[in-house]
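Heads up: the structure comes next, in structure tokens.
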């Protein structure tokens with residue numbers, strides 16, 4: 001049995017996770033789900049956003065399937081349990097693949113992967129307040145740069161990519177981004193891939209002007225977060241795009257979209273992002289053929305206009321998941 005920690009979270013998290021589990025059960029045998037709490041739902045039970053019980057459950061598992069959490073932004077002492085979990089587990093790389101699911105949604109020709117450094121930068125530093133304002137420092141380390149560049153090489157090999165682009169702002173941040181750029185070229189020495197570097201702001205424009213020419217991008221934390229949102233919009237939005245967070249020996253897979261508490265419990269949320277993230281999880285577990293079945297089944301449903309209302313269909317969350325699950329069960333290679 002392959003043990004998976006399931007953290008449903010808050011808002012629409014439980015609904016998209018239930019949908020993903022239905023599809024996983026229809027696709028792959030030998031999966032055991034270990035449920036644990038995170039976020040506001042965890043706080044209501046344990047008075048902690050990331051309880052020790054959750055960490056204990058994760059330590060028994062090979063991967064994590066997570067929903068969404070509600071950030072308590074009105075509490076100045078609050079620290080995101082999502083960020084804390086990724087830090088504790090050493091999940092230094094955020095992997096986001098982007099491609100349209102069907103002909104009538106998104107820009108044609110986009111097929112790109114974002115490999116984003118996930119452990120450093122401004123997101124991991126404290127804001128320092130004084131009488132005149134707030135100072136936020138930024139950390140870029142040699143270790144962090146090397147391992148994210150090596151992850152980019154690994155992803156390029158696994159995903160059959162031909163070109164790797166380094167996105168940076170070394171023209172402004174000559175020391176920190178300059179370090180990242182220099183290490184990128186060091187790590188790419190002797191690789192079989194075409195390589196280049198580009199300013200992060202210019203890359204954002206290139207995704208609009210020549211989206212089909214960008215293959216795999218490796219970049220630092222903030223740039224990857226912002227540009228990923230742009231690219232997700234180009235292929236239909238965050239409800240259609242998956243996300244995985246990888247370390248040396250653990251992976252956490254989650255939807256790109258937010259918790260959307262206003263939609264919770266209404267059977268309206270589109271679970272596609274979570275379902276495709278579950279497919280990425282199967283890839284991570286060495287079950288790529290099963291992940292491919294899910295991706296094909298989602299595309300089949302979209303091609304037949306079997307979709308949720310936000311993308312032109314009439315299905316609810318559960319009905320869409322059930323339809324994708326049926327296609328997975330009927331896949332000719334399901335029992336191979």
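Structure summary
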| read-out | value |
| --- | --- |
| For segment 153-228: relative contact order, % (alpha-carbon pairs under 8 angstrom, 6 or more apart) | 43 percent |
| Mean Cβ neighbour count within 10 Å, used as a protection proxy, ranking 295-306, 106-117 highest first | 106-117, 295-306 |
| Computed over segment 79-187: relative contact order in percent, which uses C-alpha pairs under 8 Å that are six or more apart | 19 percent |
| Three-way shape label, segment 1-132, alpha-carbon gyration tensor, a/c 1.5 | oblate |
| Proxy reagent accessibility, fewest Cβ within 10 Å first, across 166, 328, 102 | 102, 328, 166 |
| Gyration tensor (alpha-carbon) shape descriptor, segment 194-336, a/c threshold 1.5 | prolate |
| Cα pair distances of the chain binned at 10 Å [whole percent] | 6, 25, 34, 26, 9, 1, 0 |
| Gain upon complete extension [residue 210, residue 194; 0.36 nm per residue less C-alpha separation] | 4.0 nm |
| Euclidean distance of C-alpha centroids, segment 124-201 and segment 24-83, integer Å | 29 Å |
| Highest-first arrangement of 246-258, 271-283, where packing means the average Cβ count within 10 Å | 271-283, 246-258 |
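Any read-out appearing in this document is the output of simple, stated calculations on the displayed coordinates, not a laboratory observation. Remember, it's a predicted structure, so these values are computed and weren't measured experimentally. Reconstructed Cβ throughout: ideal geometry from the backbone, glycine too, with neighbour counts over all protein chains shown.
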